[in-house]
Amino acid sequence: MTDSFSIQGKKFLVTGGTGFIGRGLVRGLLRSGAGIRILDNDSRGARGKLGADAGRAEIITGDIRDPDIVRKAVAGMDAVCHLAYINGTEFFYTKPDVILEVAVKGMMNVLDACVAEGVKNIFLASSSEVYQTPPAVPTDENAPLIVPDVLNPRYSYGGGKIISELLVVNYGRKFFNRAIIFRPHNVYGPDMGWEHVIPQFAMRIKELSAATDEVIDFPIQGTGGETRAFIYIDDFVEALLTIIKQGEHLNIYHIGTSQDTPVGKLAEMTARCFDRKIRIVCGKLQPGSTLRRCPDVSKLSKLGFTPKTDLVTGLAETVAWYRKNNPPIRS
């Protein structure tokens with residue numbers, strides 16, 4: 001077993017640190033006494049969302065695909081948390097080439113920079129998409145990683161993460177003291193972006209509520225029986241800090257909850273946050289969509305982590321934010 005890793009006083013680079021999960025991690029690391037440098041291209045204008053934390057972190061604006069920028073960002077660090085990626089289900093289908101370029105070039109640039117600068121600790125954000133349709137639910141970290149159809153652009157995301165995992169593990173054997181992979185499962189919370197199921201449900205119900213006082217017909221993809229397990233951002237950050245401190249070298253950890261929630265029920269729960277009722281209207285799933293996904297988190301639990309925020313509470317906080325805000329106008 002790897003000795004515990006102290007965050008206090010260490011210098012961390014967080015790639016993708018102005019994103020939703022990145023911001024949460026930056027705040028958690030700062031609370032734990034770390035020095036922070038962020039590398040992000042700020043493609044979504046999220047730098048301002050760091051608030052007061054922006055003044056406590058060094059921020060480098062640059063592209064993870066640029067090896068010179070990445071090496072500059074890695075220099076002098078004790079550890080790298082690599083989160084920079086293109087997220088959001090809609091982008092799986094519209095930007096598969098860019099997703100793969102960011103995945104592969106970004107991962108190689110980070111690893112090359114760590115080796116060149118003597119950084120011995122790396123923590124990689126992967127995804128449940130690496131195992132796509134799991135052989136068993138709940139799904140543990142030993143599930144086989146698959147790309148079911150190379151012609152389906154959806155798998156650009158999971159494929160890029162699989163490559164990243166392979167690179168971290170195999171570089172980790174030779175060059176790192178601590179190379180750990182974590183797989184987030186449906187992290188949610190206020191200001192999480194606009195391309196995910198909870199904000200999309202919230203914004204649609206917000207719009208439909210303004211048009212009628214009756215029960216709302218609410219079209220969804222699939223039957224509504226498809227399931228996911230959601231973890232609130234604050235819980236996710238605490239879980240990740242636990243993994244950074246106590247996780248074992250060359251290991252993988254699922255981060256999520258064991259609560260398996262049908263998507264139709266999630267839509268109804270979202271509607272209740274508006275004091276409205278909906279009538280689910282079933283539709284077609286996107287090709288490659290997974291019917292059921294819920295992580296086995298026993299490995300994480302053995303490190304001492306237990307989530308604190310239930311879905312009802314976390315969803316209320318999240319929907320309240322989206323009721324007050326509107327999506328940015330896209331050019």
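Every read-out reported here was derived from the displayed coordinates using simple, explicitly stated rules and does not represent laboratory data. Everything quoted here is computed from the prediction, not taken from an experiment. Using ideal geometry, Cβ is built from the backbone for each residue, glycine included, and neighbour counts are taken over all protein chains shown.
What are the ³J(HN,Hα) couplings of the stretch 131-140, residue after residue, when phi is run through the Karplus curve with 6.51, -1.76, 1.60 and θ = phi - 60°? Round to Hz, x for glycine and proline.
Once rounded to whole Hz, the list reads 9, 6, 8, x, x, 8, 10, x, 10, 8.
When the Karplus curve 6.51 cos²θ - 1.76 cosθ + 1.60 is applied with θ = phi - 60°, which whole-Hz ³J(HN,Hα) does each residue of the stretch 98-107 get, with x for Gly and Pro?
5, 4, 5, 5, 5, 5, 6, 5, x, 5
Under 25 °C and 0.890 mPa s, how fast does the chain diffuse according to Stokes-Einstein, given a Kirkwood radius computed over C-alpha pairs? Answer in µm²/s, whole number.
Diffusion coefficient, whole number: 120 µm²/s.
Search the structure for amide H atoms under 5 Å from the amide H of residue 10, placed 1.01 Å from N in the peptide plane, and list their residues when 5 or more places away or on another chain.
Hits under the 5 Å cutoff: 35.
Name the residues of the stretch 283-310 whose amide N is less than 11 Å from a point 7 angstrom out from the Cα of residue 260 along the C-beta direction?
292-296
How do 173, 47 line up, fewest other C-beta atoms within 10 Å first?
173, 47
Measure off 7 Å from each Cα along the Cα-to-Cβ vector at residue 249 and residue 272, then give the distance between these two points in nanometres to one decimal.
4.8 nm
In the chain, what % of DSSP beta bridges are antiparallel (nearest 5)?
10 percent
Going by amide H atoms built from the backbone, whose H comes under 5 Å of the H on residue 255, apart from near neighbours?
Those lying under 5 Å, H to H, from residue 255 are 183, 185.
So how do 278, 255 line up by other beta-carbon neighbours within 10 Å, fewest first?
Going from least to most buried by this count: 278, 255.
Which GluC sites (Glu not before Pro) in the stretch 195-230 pass both tests, a DSSP loop state and at most 16 other beta-carbon atoms within 10 Å?
195, 214
Just how many % of Cα pairs in the stretch 58-190 lie over 17 Å apart, if you round to the nearest whole percent?
Value for the stretch 58-190 (Cα pairs over 17 Å): 60 percent.
As a quick test, which of the pairs 11/161; 11/174; 10/49; 277/324; 174/245; 72/302 have an alpha carbon distance above 28 angstrom in this structure?
Pairs exceeding the cut-off: 72/302.
Taking 0.36 nm per residue of sequence separation and subtracting the Cα-Cα distance, how much length would be gained by fully extending the chain between residue 303 and residue 4, in nm to one decimal?
Gain on extension, residue 303 to residue 4, equals 106.5 nm.
Quick query: amide H of residue 249 versus all other amide H atoms, modeled in the peptide plane; which residues come in under 5 Å with a sequence gap of 5 or more or a different chain?
Answer set, sorted by chain and number: 2.
Provide the per-residue ³J(HN,Hα) series for the stretch 232-239, in order, calculated from phi with Karplus coefficients 6.51, -1.76, 1.60 and θ = phi - 60°, each as a whole number of Hz, with x at glycine and proline positions.
6, 4, 5, 5, 4, 4, 4, 5
Using alpha-carbon pairs under 8 Å, 6+ residues apart, how would you state the relative contact order of the chain in percent?
RCO, the chain: 19 percent.
Would you work out the charge dipole size for the stretch 1-153 about its Cα centre, treating the Cβ of every Lys and Arg as +1 and the Cβ of every Asp and Glu as -1, and quote it to the nearest 20 debye?
Here the size comes out at about 680 debye.
If you rank 265, 308, 95 by fewest surrounding Cβ atoms within 10 Å, what's the result?
308, 265, 95
Using Cα pairs under 8 angstrom and six or more residues apart, how large is the relative contact order of the stretch 52-114, in percent?
49 percent
Could you work out [θ]222 nm for the chain from helices alone, using -39500 (n - 2.57) per DSSP H run of at least four and dividing by all its residues? Round to the nearest 500 deg cm²/dmol.
Calculated mean residue ellipticity at 222 nm is -11500 deg cm²/dmol.
Please say if the stretch 86-129 is rounded, prolate or oblate, where rounded means a/c under 1.5 for a ≥ b ≥ c the square roots of the C-alpha gyration tensor eigenvalues, and otherwise the choice is prolate for a/b larger than b/c and oblate otherwise?
Judged from the Cα gyration tensor, the stretch 86-129 comes out oblate (a/c at least 1.5, b/c at or above a/b).
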